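The values are calculated or read from the model by the stated rules, or taken from the named source; none is laboratory data. As the structure is a prediction and not an experimental result, all values here were calculated from the model. In this analysis, Cβ positions are derived from the backbone assuming ideal geometry, glycine residues included, and neighbour counts consider all displayed protein chains. We work out accessible area using only protein heavy atoms, side chains counted, and drop any ligands, DNA or RNA first. Shrake-Rupley method; radii C 1.70, N 1.55, O 1.52, S 1.80 Å.
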Amino acid sequence: IVLLITGLTLLFVFLAYRIHIREVGHDLTTFERIKKTGVLRLITSNSLNTYYIYNNRPAGFEYDLAREFARYLNVDLDIVTPGWNNMFSYLEQGKGDMIASGLAITRQWLEKVNFSIPYQTIRQHIVHHKLVFGPKNIDDLTYRTIHVSRGTSYHSRLEQIKNSGVEFNYILHDNIPTEELIRMVNNREIRFTVAVNNIAYLNQRYYP
């Protein structure tokens, strides 16, 4: 009798555990879990073109897209900002449902995640102060030092160029948005950084 009661107790505990696991969404798809919890968790970074707080209200292009998507799904939007270098690890660990942070599609990232249909065509530009002579072409990068954030598409592109035989240096920064590096260029703290055209043109308003 004791063994029977113990066995039944363990069975009930196991079943309760499985029910709890399913209840919290472990057996659900991402979409089903979002609809069940009523929350879409957006992983993003703090920057002018993605997500920022203005007059105590959230703003930013990527934030606006995610907000409208959440409205379409009829769920709430929760913002997660773990820092640029942690965004993909947060997605892999299930700490968010999607990343929206002005990402360019790279071969390295394609091996790990799925991308939506692209909504913008961009080009990368070298950003420098007006009083500093900038490179005219790829070969003119020789012997220059460029500052970019680690793990970005800029990092990937500079690595490709360096591997092609162009001799230059690049310094990697952790969790520093492109806008901050552009500010450092403007203040003559660094000489060069890289930015896609939409970010570069947007920041020209603040740093002409």
### Query
Which one of the conditions (1) at pLDDT below 95; (2) aliphatic (A, V, I, L, M); (3) touching a strand residue (DSSP E or B) at 6+ places or on another chain (Cβ under 8 Å); (4) exposed (fewer than 15 other Cβ atoms within 10 Å of the Cβ) does Ile138 fail to meet, given that it meets all the rest?
(3)
### Query
Is at least one residue of the stretch 171-183 on the phi < 0 side of the Ramachandran plot, polar (S, T, N, Q) and open to solvent by 40 Å² or more (accessible area, probe 1.4 Å)?
no
### Message
Pairs please, first residue from the stretch 49-71 and over 16 Å from Glu179 (Cα atoms) and open to solvent by 20 Å² or more (accessible area, probe 1.4 Å), second anywhere and modelled with pLDDT of 90 or more and among the hydroxyl-bearing types (Ser, Thr, Tyr), Cβ atoms under 6 Å, 6+ apart in sequence or on different chains.
### Response
Tyr63/Tyr51
## Note on the structure
Among residues of the stretch 186-208 being part of a helix (DSSP H, G or I) and open to solvent by less than 80 Å² (accessible area, probe 1.4 Å), the residue modelled with the highest pLDDT is Asn186
## Note on the structure
Counting only residues in the stretch 155-173 that are among the aliphatic types (A, V, I, L, M) and part of a helix (DSSP H, G or I), the one farthest from Ile199 (Cα to Cα) is identified as Ile161
### Query
Looking at the stretch 21-29, is at least one residue of a type in the set (S, T, N, Q), more than 21 Å from Ile199 (Cα to Cα) and at pLDDT below 90?
yes
### Task
Test Phe192 against the stated conditions and say whether it is under 30 Å from Ser89 (Cα atoms) and touching a Pro at 6+ places or on another chain (Cβ under 9 Å).
yes
